[in-house]
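Student: One structure follows; several queries about it will come next.
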Amino acid sequence: MKLIENKVEIKQKQKEVQLFVLKSDTCEVKITNLGGIITSIKTRDRKGNLENIALGFEDVSHYMDDFYISNNPYFGAIIGRFANRIAKGRFSLNDMEYKLAINNGPNHLHGGNKGFDKKIWEARAFEIHDKAGVELSYLSPSMEEGYPGNLQLRVTYALTDADELFIDFEAETDQTTILNLTNHTYLNLNPESNNILDHELKLYAEKYTESIDLIPTGSFVNVKETPFDFTSTKKLGQDITSLVDGYDLNYILDNEKGALKKAAELSENTTGRKVELFTTQPGIQLYTGYYIPEFSFTGEKKYGRYSGVALEPQHYPDSPNNKNFPPVILKPGETYKHQTVYKFDLM
């Protein structure tokens, strides 16, 4: 296991943006402390070719470009304070109403106008036994983007010799607050293809949160005999034409006790690549990237609709406004913890 640290010559308010390269014999992961973004994940196909399977950019400055920010697809980033949507940007806590940025139609999305995906985190690289990684830390001041409490965060990425990428999230607060963190990596296991419709997916979930305009109603719906059924492996494109803008919904993992369990398996037959995803979270958002824009930073068009699929372990959308959802409240003296694991393999 090797760790290579590259300093990128970008400074923002006297903070330096860095790029870290984690390598095993058969896998390479690049991570920047700008937003904790995973900029690339290189794995081998069945022929031994090492290729990037994560949507992102080689040049970290592209994540600061006005076009990227205005169309923000959140490629590979840490999302918070609250991943997904909060209806009308409002929630109540201890008899006080908090108002957040309205940055997605009438709702609040992914932490606001300048969420954790746009912050420069403090970074510390490490190597321990069979793994190498980066520990990122950030202090989010009280009322940043409208959220109460000074929040101390740590997110640790670690790649093992077994080609497993661990992402560990931890946080403490000095005031009761809400918190829901995730990573927003998009995968395309066949970089030669411009979409993920032939990818095969299995989800270990039998229900999803019913939504109207992407805001949960509070009801849970069984996936059986619906286009949302991935309890058996099927292609992402099999039923997608019956949906207006593809898949963008939260699946229920029946994991309220927070055990580390398998949530998803994604595979692609042409390359033979397979990714298994494990999480301690109660839900997982499936998003097939209908609104991913095309980028042409190097003069060549790149990405666009359905060019990647995001599998985001998380608490349910709009949880602060649904008492029957797993709680997202963090109090002083408590430690927020959850873990996501990607296992890269071949079929």
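Derivation of every value follows stated rules applied to the coordinates shown; laboratory data play no part. A quick note: this is a predicted structure, and the numbers were derived from the prediction, not measured. Using ideal geometry, Cβ is built from the backbone for each residue, glycine included, and neighbour counts are taken over all protein chains shown.
Student: In whole angstrom, note down how far apart the Cα centers of segment 291-347 and segment 145-203 are.
Tutor: Spelled out, the Cα-based centre of one part sits 6 Å from the other.
Student: For segment 292-334, which GluC sites (Glu not before Pro) pass both filters: DSSP loop (anything but H, G, I, E, B) and at most 11 other C-beta atoms within 10 Å?
Tutor: Filter output for segment 292-334: 300.
Student: Can you find, among 243, 231, 214, the residue sitting farthest towards the positive end of the charge dipole of segment 167-261, where Lys and Arg contribute +1 and Asp and Glu -1 at Cβ?
Tutor: Checked the options; the winner is 231.
Student: What list of whole percents do you get for P(r) of segment 2-346, with Cα-Cα distances grouped in 10 Å bins up to the one holding the largest distance?
Tutor: Result returned by the calculation: 5, 26, 37, 25, 6, 0.
Student: Give me a comma-separated list of calculated 3J(HN,Hα) values for segment 28-37, in order, Karplus coefficients 6.51, -1.76, 1.60 applied at θ = phi - 60°, integers in Hz, x for any Gly or Pro.
Tutor: In residue order, the calculated couplings are 9, 10, 10, 9, 10, 7, 7, x, x, 6 Hz.
Student: With +1 on each Lys and Arg Cβ and -1 on each Asp and Glu Cβ, how big is the dipole of the chain about its Cα centre, in debye rounded to the nearest 20?
Tutor: 220 debye
Student: Among 137-150, 85-98, how do they line up from the highest to the lowest mean number of other beta-carbon atoms within 10 Å?
Tutor: Put in order of decreasing packing, that is 137-150, 85-98.
Student: Using θ = phi - 60° and the Karplus relation 6.51 cos²θ - 1.76 cosθ + 1.60, list the HN-Hα couplings for segment 174-185 in order, rounded to whole Hz, with x at every Gly or Pro.
Tutor: Karplus values, whole Hz, x for Gly and Pro: 9, 8, 4, 8, 10, 7, 7, 9, 7, 10, 10, 6.
Student: What pairs in 88/207; 88/261; 47/337; 15/301; 23/257; 88/224 have C-alpha atoms more than 28 Å from each other?
Tutor: Exceeds cut-off: 88/261; 47/337; 15/301; 23/257; 88/224.
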